[in-house]
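First up is the structure itself, then whatever we jot down about it.
The numbers here are math on the coordinates, done by the rules we state, and not lab data. All figures in this text were calculated on a predicted structure; none of them were measured in a lab. Glycine also receives a Cβ, built like all others from the backbone with ideal geometry; neighbour counts cover every protein chain displayed.
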Amino acid sequence: MRWVDGPAGPPLPAPDEVHVWRVVLPLRRAQSAECEGLLSDEEACRRLEYRSDRDRRRFAAGRGTLRRLLGRYLGVAPRELRLAAEPGGRPRLADAAGRARMRFNVSHSGDVVVLAFASGMEVGVDLEELGRDVDGLQVARQFFSPADVAALLAVPEARRHRAFMTLWTCKEAALKAVGAGLGAALDSVRVEVRRGRGVARIEGPGSSAAQVLRLTAFEPAAGYVAAVAVSGLSRPRARFWRAPGSP
């Protein structure tokens, strides 16, 4: 897929749009310093808690870019934005008066960060590095549904790892869109994706109606897979942009 530089002053996403921004590390030195300078005092302390320089740079790039983009969307100085976390860990604006329709989500893996923005609908995004040493079938048998395991077994072995990672990102993106935490049951999410587009249904307890989300699977960079999920029955139009300072 083709990523292009995002607009300097992006308009708010239309009701049928989701904006996806990509950051690939390392950032240019000036951009990296700018991201660090945008962090709140609490975020700066969190950055120092990471043990490796790589993790510290990735955290600063993700949170700094989130602040910069939110500031552009909302016309607010990035450092003036107050960010908080919902019980499930999903980030939100702490002072959302007049901005309640803006939704956003962030994911990072390896040297890539992706950020998704929507207006008036919930959004979740997840990203995974294909080079991770993980036994997909073993994980699927433990955490996914029997139907998921059967679907993965039907995929030729040469493509099975990618299929597993794509399915994983779709499930995680859907759960993040509804604000579920890391302990949410992955086997409760039924995913149907063809040619990068599909639907996720999160089964509720008992006879509760399933929550339906629209999925878009994509490749944020070579060696990575990702998915973005939005609430609602309409299929959104996804726009993919490079974040400022990112190659």
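Summary of values
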| quantity | calculated |
| --- | --- |
| Percentage relative contact order, region 68-216, counting C-alpha pairs under 8 Å, at least six apart | 16 |
| Value of [θ]222 nm, deg cm²/dmol, for the chain, DSSP H segments ≥ 4, -39500 (n - 2.57) each, nearest 500 | -10000 deg cm²/dmol |
| Cα gyration tensor, region 1-104 - rounded (a/c under 1.5), prolate or oblate | oblate |
| Net lengthening on full extension, residue 16/residue 212 (0.36 nm per residue, minus Cα-Cα) | 69.0 nm |
| Beta bridge orientation in the chain: antiparallel %, DSSP, nearest 5 | 85 |
| Order of 149, 139 under a 10 Å beta carbon neighbour criterion, fewest first | 139, 149 |
| Contour excess over end-to-end distance, with Cα ends at residue 53 and residue 133 and 0.36 nm allotted per residue | 26.6 nm |
| q = 0.07, 0.10, 0.14, 0.15 Å⁻¹, the chain: log10 I(q)/I(0) [Debye, one scatterer per Cα] | -0.23, -0.47, -0.93, -1.07 |
| Ranking of 170, 45 by count of other Cβ atoms within 10 Å, fewest first | 45, 170 |
| Anisotropy class of region 102-247 from Cα gyration tensor, a/c 1.5 cut | oblate |
| Residue order, fewest to most beta carbons within 10 Å, for 41, 5, 55 | 41, 5, 55 |
| Förster radius 45 Å - calculated FRET efficiency between residue 242 and residue 141 (Cβ-Cβ, nearest 0.05) | 0.75 |
| Kyte-Doolittle at least -0.5, axis length at least 27 Å by Cα - qualifying DSSP helices, the chain | 157-177 |
